[in-house]
Each structure stands twice: as structure tokens, then as C-alpha cells.
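S.K.: I'd like to ask some things about the structure below.
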Protein chains: 2
Amino acid sequence: MLDPTKLQDWQIAEESEKSMRPVSRLAAEWGILENELLPYGHYLGKVDYAQVLERLKNESDGMYIDVTAITPTPLGEGKSTTTIGLVQGLAKRKGNVSGAIRQPSGGPTFNIKGSAAGGGLSQCIPLTPFSLGLTGDIDCVTNAHNLAMVALTARLQHEANNTDEFLAKRKLPRLNIDPNNIPMRWAMDFCAQSLRDIIIGLGGKTDGYMMRSGFAISVSSEVMAILAVFTSLRDLRERIGRIVVAYDRQGNPVTTHDLEVDGAMTAWLVRASNPNLLQTIEGQPVMVHAGPFANIAVGQSSIVADRVALKLSDYHVTESGFGADIGFEKFWNIKCRVSGLKPNCAVIVATVRALKMHGGGPTVKPGKPLDAAYTQPNPVLVEQGAANLVAHIETVKQSSIIPVVCINHFSTDSEEEISIVKREAERAGARVAVSRHWLLGGEGALELADAVIDACQEKNDFKLLYESSLPLTSRIEKIARQVYGADGVSYTPEAKAKAEAIEADASKSDFATCMVKTHLSLSHDPNLKGRPSGWVLPIRDILTYNGARFVVPVAGDIKLMPGTSSDPAFRRIDVDVETGKVKGLF
Amino acid sequence: MLDPTKLQDWQIAEESEKSMRPVSRLAAEWGILENELLPYGHYLGKVDYAQVLERLKNESDGMYIDVTAITPTPLGEGKSTTTIGLVQGLAKRKGNVSGAIRQPSGGPTFNIKGSAAGGGLSQCIPLTPFSLGLTGDIDCVTNAHNLAMVALTARLQHEANNTDEFLAKRKLPRLNIDPNNIPMRWAMDFCAQSLRDIIIGLGGKTDGYMMRSGFAISVSSEVMAILAVFTSLRDLRERIGRIVVAYDRQGNPVTTHDLEVDGAMTAWLVRASNPNLLQTIEGQPVMVHAGPFANIAVGQSSIVADRVALKLSDYHVTESGFGADIGFEKFWNIKCRVSGLKPNCAVIVATVRALKMHGGGPTVKPGKPLDAAYTQPNPVLVEQGAANLVAHIETVKQSSIIPVVCINHFSTDSEEEISIVKREAERAGARVAVSRHWLLGGEGALELADAVIDACQEKNDFKLLYESSLPLTSRIEKIARQVYGADGVSYTPEAKAKAEAIEADASKSDFATCMVKTHLSLSHDPNLKGRPSGWVLPIRDILTYNGARFVVPVAGDIKLMPGTSSDPAFRRIDVDVETGKVKGLF
């Protein structure tokens, strides 16, 4: 067995890839027919979701398990790793088991060292394509998105340069776009901070229209948000056509449909709408599809990926971004609301390290060595920090699901510390398991797998936190109080006015409520650890994504274009010209 | 048999796709082993060129045929169609036959109606992926290119914001980049004129570095130029590392290697370096790989695609952009010089229509109905225009190849007109064939195929127009006089100074000479038709592409970012949500 204490993640992946099954066999053994698999090379493929769902429409679904977490340290607590580890563990007990995770963005990959495919003996392979654009879905999202901006800016130019007669001859009604009211930006999937804020259209009459603009990272695009929540090609087509690109001088929205570019945008997404099929290092299928931001979007893999996997698997494990206050809340009230799927179990990943931070431990910062409080036993800090875990357990329980707490085991954890976590979790009504999947793979996740199987036997009466018919401000109030633990909600005048306008607009009554809040605290303040009390959630703005059908109350920073650091990961990435292997990507 | 006078190109393609062979069978029957084919879905694949070339290194090459043309009208004279038609025709006479064409850019596809996959009964399929990004190579080029710009702009910012000590700790020597001397632009594969000329880096200290910048269309990227001419992964890696992104304040070049981004850029190109495998509607393999501009780059498909095809085929037909003065000249003196391959035959596509234009016929403009001179017999115009054809024949003969003139037959051509073309071509020493491949497919190209087979039997002593050791100005002089028919060359003072600097720089002595000149005339003036005489070629600038290893003497306009028109093709593109089929793309 490979030893993750001695090998780097990429070395384990490389070693495991030597014996991985070709995607054709992987798919066939999972129950996918030959014509339903679109291979991309020998070890990667896309699944024609529409064909599979049509063929298996009368089959029942497998067990649906969501993996979420406590409020993490900035280092992350191993949610993807646990997702993969749990799939591997379950597979040792049951038949068909699968997982679903997001596709990583090129921005972080080339800026910050580290893969998003799990770690240790719980990884998704093949690792290089996973980290390097996979089958091109993000590029398709980028192209679809930018085509809308091409259409917008060309239209601005042609309306400015030409007579009514010229435009009428081409059947182009004047849209009278307001160049100062264009919410959409261009897209690029890198951390290109120098393109955040730009002036475009310099030059002459045929060089566009001079105006302020900017780029956002592709995974923050509304098109990517749509890729995660669409339920059929028709639904995808309709959502794409409703994206608001700009406003006219009267303040009316100008959509992709008004620009006659929505069909062409959808053309870029036909291929991308099929989920990608990869595998764990122990051979179970893993769907990797969509990579939407976790603040302005759902931050989880696609609905179609889960749907297909549920038809094919006895157990399917999907991952939600960030802690249960964000990841599970959006899984529960957005993803499941749209899909109509009912989860059977939720796993809350906890680490002794993060609980110590919540208990008052010193600041944890990426790139800085950990304080001794984290590497030496310190049961007092764990005890003090357990309230954060309890808050997340109570959140999940509101959906009717009894969660399984997974203690993601680190070698520095003491027996006493672990027993405190167990005690507190059980006291809050959760199942608990200690898992060593990083160190041991599926073999190390058996305790977790058994707890999950147990939990899935239990019938739950899954229910959403609120009805769609509830007014927006009441929905926000409910999330703030019942999930975050706030004493109430405050609004800036601007946010208040927008909330009222949305509540008065029947066409937006079924829009999902997608909160923006830091993931580093239950509250809006990343410095408040544990389970903060006596605070009010300040909503400073409310965005609307008409295509994704999201209203986005903003209680935190939205960074749509991260920056490349002074020591970016791309410095260490290279290709071995003898073998064609990419090095340093992880 | 399908009737192209009644069906649109896309209808013929769609009909033909019903019976096309899966790519696995296509590849196997062509002689590609299973592990050498990387399927992309069922009807598209990539060929691992390195494996094939290694396995077959001791095999001899098949016959190598280039398709070029006379000086075209702005409508084009059917070069891609003839390439595909000839492949289909040859296949009726001989065993293994293949073709190679370029991948089209998303810019024109979404702006101007029309496919670049041939037409009528001579087309390359599957057509939708062909027109819609294929296997993502252009996206990979775009990503590799933009990563260099991310590295550049982040470096500018971090050098401006930080102390020497800060930089030294990260092992970042100060590059002192001159923000006013940055030749590289960002890349996007659309006609995004509003991004041609922009100001970036507005905002604060962490929002980049404020400066002038811009976007060029991806297919004009030096990275794309490299994709067409690289000969091995090592060569690709080295070329990428030599790209000059900017200059420092002393005027020294700053390369991708200096920015430590060359390895990561190459990582994006590993997948893209493998040629794509498609097929004609009659089932012969067609390689589609690289889509470089025909002015600042070679304007033809990749060297590796031709190399692989030559190992596998008895006859391999490749296409060169524009007329023989540009397309064949670059095929001959750049592509063949770099590859070391020796062509056996060159086909010059001629139409009665274009010869009439050269003979003094009225202006031909896209979107405008053709003048009666073109639709009614007018042998006088043909006779007067034949000089253009003769010029191209003489050009090809300088390489030692006896060309085959292909009269691409239109229904409006009269017998008398055709016999004039035949007579003039034969008098100039060429073989001639009339071809009806658009109307009849391979069956219509038999006369052409037979002429090509005949020509290939003839031993030629293929020789380049000039030795690499010839000084740059002498090379330009030779191309201007012997290919274009100029009386000489003039230089702006700037161009003269650059030419002298390049001649004095031993490191650039082996750079290919890649002329920029209009394709609409043998001269630099697009209005001069026929075979212009008494003119001098004005070189106004000389560009250097250090990675591609090109010097580019500029005697014409370089448009690196086309504009989207007021009636763009994307308006008519859509997706059938029932079938997933893309409509209106062609």
C-alpha cells in the first residue's frame, strides 16, 4: 500500500493511474451503455445524461449523501478528500457507489499550489486532466459568456454609428443600452487582476464603444451557475436566454435574447452539459461537473451529474462547498429544491484542528507554520470550539436529516480530543465516526461508511427551510436566524429598496435565495469563530441573476476576479518533453 | 446521390453523418493502433503523433500533395472544397488517401455565415464540432497565451508595489519591464473589436498596473503559429520559452522564460499538440490541426499532422492558405524547410470566375449579386485574366514541381472558357484537369486525381527558393521579384533599420521569412488584378516572432482583431432542445 506520509499527492495519483481502468470499462461496469459514453482519451469521458436519464427513468434512485463541514480554517478541512474517501469506504461494503465533485478553476490551479481532487489515499484520477481543464467545459462556459459581451459591445457600436434606416434594414431594433449600467463583465479563467477594471473601445468608430468594463473569473460567470443547476437542455436554453447583460436608458433589462445571442451561447454548452466521468484511486466512478462559485452561486457540482449517478448507484456521495451554513444550506434549499431530489444523509466533516481554532486557538494562516496549540494535545480548546460543530449539526437536523459527523483524523489528534468531539456530536444528536481515509483510503473510511449506511436506513422526512412563496426578506431572516444564528437582519437603504422591488415582482417569486457570506465564520465577520451570538446580519446589496434565477443577498465580500500572487504556482509547472507528463501541477 | 444544387452544405453533412464510420474504425482502417488514438466522443479523435511517428519511423512516406490557388476573388475559389474533393477522388484510384486542413476560428464562425469544411459533396465531417471548437485546441492556445499575459501583468504589479528585499526572498529578479513597450496582446477567439485597444489595471495597487493593452484574435497568437510548425514536444517547449512578451527599460527582450511561465504554457498545449482526426463525407481520414493566420504566420495546418498522415497514406493532400504567392510560397519555403518534407505535387485551384476578374471584370464583393460578366460566357475576360494563372504556375515551377491546374467547375462555365484556361495552363507547362467535386464528390474529381497521380510519378528535384544563409533583404528581394513579380523592394527607414539589425543578429539567422501581403493581388495593392507589372514592394515594418522563429516583413495590413458586423452569424445559431443538434452554424 502507498504511504501518504512519505509520498506527495501527485506521486500517489501517478502510481494509482498505472492500474486505473479505461473509462470504457469503468462506464460499462457502472451500467452506462456504449452509446451513452463519450470518451475523451482512454481514461476520461463524458456521460450523455439525457440518454441515461431517459433509459432509466423508471428506476429508483440510490441513496443520496451530501458531504459538508464545520466552519473551516483557511486551510480547509478535507471535504473533497472525505467525499472520495467515503466513496471508497462505501464501496467496500456495498455494490455500486459513486461520487461527485466540482471541476477546479484554472485561476487557483496556476496561482496556488494544491489539487482539488482530494489527497493522500483518497483522490480522484487521472489528476493531470482534472487540474488542467478536463474536457474543456470551463472554456465552453468562457466562450458562451464572452460571446454575450461581443454581442453587447458590437451592438453598442453599431447603434452609435448607424442610422435607424440602416438598423431597420437588418431588423435591429434600437436597444438604447446604457453604457453606465452594464452589470456583466467579460470572463477569463485565470487570476487576472489587471483585467478587473478596464476601459475598452479606445480608437476609432469601428473599435467598439468606449466605456468602463472588466473581467471576472470564468467560474463566477452566471453561465457557470446555470451549468450547475440546469435540469434539461430546454431548461438550459431558457435560462441562458434570460441572462441580463445590461440595462437600457430607461432602466429596462437587456437580455442575451434581446441581443439574439442566446442560441449561439447555448451551442457552446451542448457538449459541456454532459458530466465528466473520472474515478477514485480505488476505482469507483466520480462525476466532475461544473465549478460554480460558492458565494454568488451554489458552489457544488451539477444537478445532472447527481441525477445520473443516483440512477446508476446504490450510494452516491456529493460535495457541497464550505461549511454547512453555506454548502449544506445551498444544497438543501437551492440544489434539492431545483432538482426535487431528497438526500438520505449528510456528513459533516470536522477536524480537531478547526475546533481548536473555534475554541480560541491562535490564528491559522496559509503558508505560516501551525502554532503548537494545533500540533500538541489541547482538549480545552477542542471542548471550547465544539459549539461550532453543534451549530452545524443543528442546521442539518432542521432538514430532518440526522447528520453523520466525520472526524477527519490527523496524526496529531489525541484520543482525549477525539472523544470530546464524539461526545459533543452525539449529545447534539448526530452519529459520529473517525475516519482515516487520507492515510488508508477506503479501508480507513469503514467506520464512516458504516455510520452512513446506518443513517441511510433511517427514514427522514426531508423538508426545505422555507417555501418559495415566503417573501424574500422573511427568507433571509430565516436563514440568518436559523442557520447562521443571528439575532436579526439589517439592510442598507439600497438593499432594502431592492428587496422590496424583488418582492413586488411576481416573475422573480421562484428565484432561489443564494446568500453571500464569508465561509470563515458562522457570522458575516470572518474573525468571529466558534458559534457567535448577539450579532445582526448586515445585508448591503441584493443582486439578481435572471438566467440562473438567483437572488443574491450580499452580506460579505464578492471577489469576482482574484489576483495572481508574487509567487504563483505556474512558476513550478512544466512538461517532461520525453514523456509528455505535466509536472508540478499539484 | 445527394444533390448539392438542391441541398445546403449542412444538410449534405447531416445526411452523410448518418453513415459515417466511428473514429475508432476510421483510425484502425487507416493504420492507427488503439493506444495511438485518443477518441473524443464517437466520431472525433486525436492522434498521438509521437507514438505513430516513433512506431513508423522506418517506413517511407506517401505522396505529398499541396493544394494552392490563383489569386482569389473575395469569395474564395474553393480551395478547401478541392482539397477534400481530391482526397475523395484519389481514394477511388488508390489505397490509403488522406487530407489535412486548418481548424477554423470562432471569430468568423460566429460573425460570417459559412463553414470552412469544404462544400457540396466535398466536405469534412462531423461538421458541428468542426465549426464549434473541435477538441478545444484553440481554447488551449488561448489559455496558454493569456497565462503569459497574466504572468506579465502580475509581475509589473508586484515589482511596482514591493521592495527589492521582498522580491529577492521570492527569487524574483527585477525585470524592469517597460509598460510602453509590450508587443504582446491578450487573446480571445471572437471578433471582439471593442477589446482591440484598451486600458487595463485601473483601480488600486492590487488591481494590476495601469497601462495600454488590447486583445487579438486567438488564431493570430504566436502560440498558434508555433502549434503549426513545431516538430516535437521538445521543440514546442523550446519555442514557447522563447516568445518575447515585452521589453525592459533598456530595450532587452523579456521572454516567457524570464517570466517563468513557459512550462505552464506548454502544459496547456500537450493535449492540443495531437492532431484531430475527422473524415470526408466519403470516409477518408482528414487531419484538422492548428489554424494560424496566413499573414503573420504560415496559414496552414500543422507539420505533425502532415507527418503522421504521410506515414499512413499512399497519398496525402494538404492545403495552403490563399494563392500560390502566399500559401504555396510559405508551404514551400517555411513549412517544408522546417519539416524537411518534399512535396511531390502541387495543385493550383483556378476558377473561370476569378480569371474573369483578373481579365478586367467588374468588382466582386461578398453579399453583392455577381455581375452578368461572371454568369454569362465571356471568353475575352478569361483570356485576359489567364496571366494571373500563368504567374502562379511559374511560381510553383521554381520549386521544381510541375503543378496540376484544377479548374474548379461552375455550372456557368462555358466550354470555350474552359478550353482557354486549359490551353493557357498547358502552354505554361502545367497539367490541367476539370473537376466537378462540389457537384459529384470523388466521382467528379477523377480527372483531377488522375492528373495528380500522373504528376506524382514524375521525379522532381524539389528545391527551396533561397538558402537560410541569404541575408534577409536578399530573401525579401527574391520573394518580391520571383514570386510576386515586383521590380524591386522599398523600405521605410524603420523597416530598413530593423532589417539591418536582424541581419546583424546571428541568433535570428535561421528565422523563417513570413511575408505579410494582401491575398487579393500578386502585388501589395488589392486593386491590382491579373499579373501586375512595373511596381515596387513597399516594406513598412518588420516584425520578429522569437518563439515561432519568424521574421515578418510587412507589406500589407495586419488586422489582428476583426470586428463583429451589424448582422453577425450568431443571430441565426441555435440549439434544438429536443435533439441537442446545433442549427444555423453553417
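The values are calculated or read from the model by the stated rules, or taken from the named source; none is laboratory data. What you are looking at is a predicted structure, and each value in this text was computed from that prediction instead of being measured. Here the Cβ positions follow ideal geometry from the backbone for every residue, glycine too, while neighbour counts run over all protein chains shown. Surface areas here come from the heavy atoms of the whole protein model, side chains and all, with no ligands, DNA or RNA. Shrake-Rupley method; radii C 1.70, N 1.55, O 1.52, S 1.80 Å.
S.K.: Report yes if some residue within the stretch B:110-125 is in a loop (DSSP other than H, G, I, E, B) and within 12 Å of chain A (Cβ to nearest Cβ); otherwise report no.
M.R.: To start, the set of residues in the stretch B:110-125 that are in a loop (DSSP other than H, G, I, E, B) comprises B:112-117, B:120-121.
This time we only want the ones that are within 12 Å of chain A (Cβ to nearest Cβ), so: none.
No, that holds for no residue.
S.K.: Now for a different question. When the residues of the stretch A:536-559 are narrowed to those that are surrounded by fewer than 18 Cβ atoms within 10 Å (Cβ to Cβ) and not in a strand (DSSP E or B), which ends up modelled with the highest pLDDT?
M.R.: The selected residue is A:540.
S.K.: Oh, and also: Contact list please: Cβ distance under 9 Å, first residue in the stretch B:97-118 and farther than 15 Å from residue A:147 by Cβ and in contact (Cβ under 8 Å) with a residue 24 or more places away in the chain, second residue assigned to a strand (DSSP E or B) and acidic (Asp, Glu), pairs at least six apart or on different chains.
M.R.: Partner pairs satisfying both residue conditions: B:99/B:319; B:100/B:319; B:101/B:319; B:102/B:319.
S.K.: Another question, then. Scan the stretch B:48-67 for residues that are among the hydroxyl-bearing types (Ser, Thr, Tyr) and open to solvent by 50 Å² or more (accessible area, probe 1.4 Å) and report the count. Spell out the reasoning first.
M.R.: First, the residues of the stretch B:48-67 that are among the hydroxyl-bearing types (Ser, Thr, Tyr): B:49, B:60, B:64.
Right, trim to open to solvent by 50 Å² or more (accessible area, probe 1.4 Å) and you get B:60.
Residues in the stretch B:48-67 being among the hydroxyl-bearing types (Ser, Thr, Tyr) and open to solvent by 50 Å² or more (accessible area, probe 1.4 Å): 1 in total.
S.K.: Could I ask something else about it? Being touching a residue at least 24 places away in the same chain (Cβ under 8 Å) and either open to solvent by 10 Å² or more (accessible area, probe 1.4 Å) or within 20 Å of the chain's Cα centre (by Cα) (or both) is true for just one of A:45, A:31. Which residue is that? First the steps, then the outcome.
M.R.: Working: A:45 fails: either open to solvent by 10 Å² or more (accessible area, probe 1.4 Å) or within 20 Å of the chain's Cα centre (by Cα) (or both).
Of the residues listed, the single one that is touching a residue at least 24 places away in the same chain (Cβ under 8 Å) and either open to solvent by 10 Å² or more (accessible area, probe 1.4 Å) or within 20 Å of the chain's Cα centre (by Cα) (or both) is A:31.
Results for (1) touching a Phe, Trp or Tyr at 6+ places or on another chain (Cβ under 9 Å); (2) assigned to a loop (DSSP other than H, G, I, E, B); (3) within 14 Å of chain B (Cβ to nearest Cβ), shown as yes or no for each residue.
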{"site": "A:474", "(1), (2), (3)": "yes, no, no"}
{"site": "A:525", "(1), (2), (3)": "yes, yes, no"}
{"site": "A:531", "(1), (2), (3)": "no, yes, no"}
{"site": "A:565", "(1), (2), (3)": "no, yes, yes"}
{"site": "A:585", "(1), (2), (3)": "yes, yes, yes"}
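S.K.: Residue A:53 versus (1) part of a loop (DSSP other than H, G, I, E, B); (2) touching a residue at least 40 places away in the same chain (Cβ under 8 Å); (3) farther than 21 Å from residue A:117 by Cβ: which is the lone unmet condition?
M.R.: (1)
Residue-wise test of (1) among the hydrophobic types (A, V, I, L, M, F, W, C); (2) surrounded by 22 or more Cβ atoms within 10 Å (Cβ to Cβ); (3) more than 30 Å from residue B:566 (Cβ to Cβ).
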position: B:353; (1), (2), (3): no, yes, no
position: B:358; (1), (2), (3): no, yes, yes
position: B:362; (1), (2), (3): no, no, no
position: B:367; (1), (2), (3): no, no, no
position: B:375; (1), (2), (3): no, no, no
position: B:385; (1), (2), (3): no, yes, yes
position: B:391; (1), (2), (3): yes, yes, yes
position: B:402; (1), (2), (3): yes, no, yes
position: B:405; (1), (2), (3): yes, yes, yes
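S.K.: Output the residue which, of all residues in the stretch A:560-586 that are free of Cβ contacts under 8 Å to residues at least 24 places away in the same chain and closer than 30 Å to residue B:159 by Cβ, is surrounded by the most Cβ atoms within 10 Å (Cβ to Cβ).
M.R.: The first filter runs over the stretch A:560-586 and keeps only residues free of Cβ contacts under 8 Å to residues at least 24 places away in the same chain, leaving A:566-567, A:571, A:574-580, A:583-584.
Restricting the remaining residues to those that are closer than 30 Å to residue B:159 by Cβ gives A:566-567, A:571, A:574-575, A:583-584.
Values: A:566: 17, A:567: 16, A:571: 19, A:574: 21, A:575: 27, A:583: 15, A:584: 16.
Per the stated criteria, the residue is A:575.
S.K.: Select, from A:417, A:494, the only residue that is acidic (Asp, Glu), modelled with pLDDT of 95 or more, out of contact with any His (no Cβ under 7 Å at 6 or more places or on another chain) and open to solvent by less than 10 Å² (accessible area, probe 1.4 Å).
M.R.: On the way: A:494 fails: open to solvent by less than 10 Å² (accessible area, probe 1.4 Å).
Criteria check complete, one pass: A:417.
S.K.: Separate question: Is it fair to say residue A:490 is in contact with a strand residue (DSSP E or B) (Cβ under 9 Å, 6 or more places away or on another chain), polar (S, T, N, Q) and farther than 30 Å from residue A:343 by Cα?
M.R.: Numbers: in contact with a strand residue (DSSP E or B) (Cβ under 9 Å, 6 or more places away or on another chain): yes; polar (S, T, N, Q): yes; farther than 30 Å from residue A:343 by Cα: yes.
Here the answer is yes, as residue A:490 does meet what is asked.
S.K.: Then there is this: Residues that are under 22 Å from residue B:104 (Cα atoms) and facing another protein chain (nearest Cβ under 9 Å): list the helices (runs of 4 or more DSSP H) wholly contained in the stretch B:151-265 that include at least 1 such residues. If you could, list the steps in order and put the result at the bottom.
M.R.: On the way: elements: B:164-169, B:222-229, B:233-241.
Qualifying helices (runs of 4 or more DSSP H): B:233-241.
S.K.: Go over the candidates A:112, A:70 one by one and state the one that is open to solvent by less than 20 Å² (accessible area, probe 1.4 Å), over 25 Å from residue A:310 (Cβ atoms) and touching a helix residue (DSSP H, G or I) at 6+ places or on another chain (Cβ under 7 Å).
M.R.: Values: A:112 fails: open to solvent by less than 20 Å² (accessible area, probe 1.4 Å).
Unique residue meeting the criteria: A:70.
S.K.: Using the structure shown, decide if residue B:65 is touching a Cys at 6+ places or on another chain (Cβ under 7 Å) and not in a helix (DSSP H, G or I). Before the answer, list the steps.
M.R.: Numbers: touching a Cys at 6+ places or on another chain (Cβ under 7 Å): yes; not in a helix (DSSP H, G or I): yes.
Spelling it out, residue B:65 is indeed touching a Cys at 6+ places or on another chain (Cβ under 7 Å) and not in a helix (DSSP H, G or I).
S.K.: Kindly evaluate residue B:465 against the criterion of being farther than 20 Å from residue B:540 by Cβ, over 25 Å from the mean Cα position of the chain (by Cα) and open to solvent by less than 50 Å² (accessible area, probe 1.4 Å). Give the derivation first.
M.R.: Working: farther than 20 Å from residue B:540 by Cβ: yes; over 25 Å from the mean Cα position of the chain (by Cα): no; open to solvent by less than 50 Å² (accessible area, probe 1.4 Å): yes.
No, not satisfied.
S.K.: Looking at the stretch A:208-235, which of the residues that are charged (D, E, K, R) and surrounded by fewer than 20 Cβ atoms within 10 Å (Cβ to Cβ) is nearest to residue A:156 (Cα to Cα)?
M.R.: Within the stretch A:208-235, the first condition is being charged (D, E, K, R), and the residues that meet it are A:212, A:222, A:234-235.
So of that shortlist, the ones also surrounded by fewer than 20 Cβ atoms within 10 Å (Cβ to Cβ) come out as A:212, A:234-235.
Details: A:212: 13, A:234: 29, A:235: 29 Å.
Only one residue fits best here, namely A:212.
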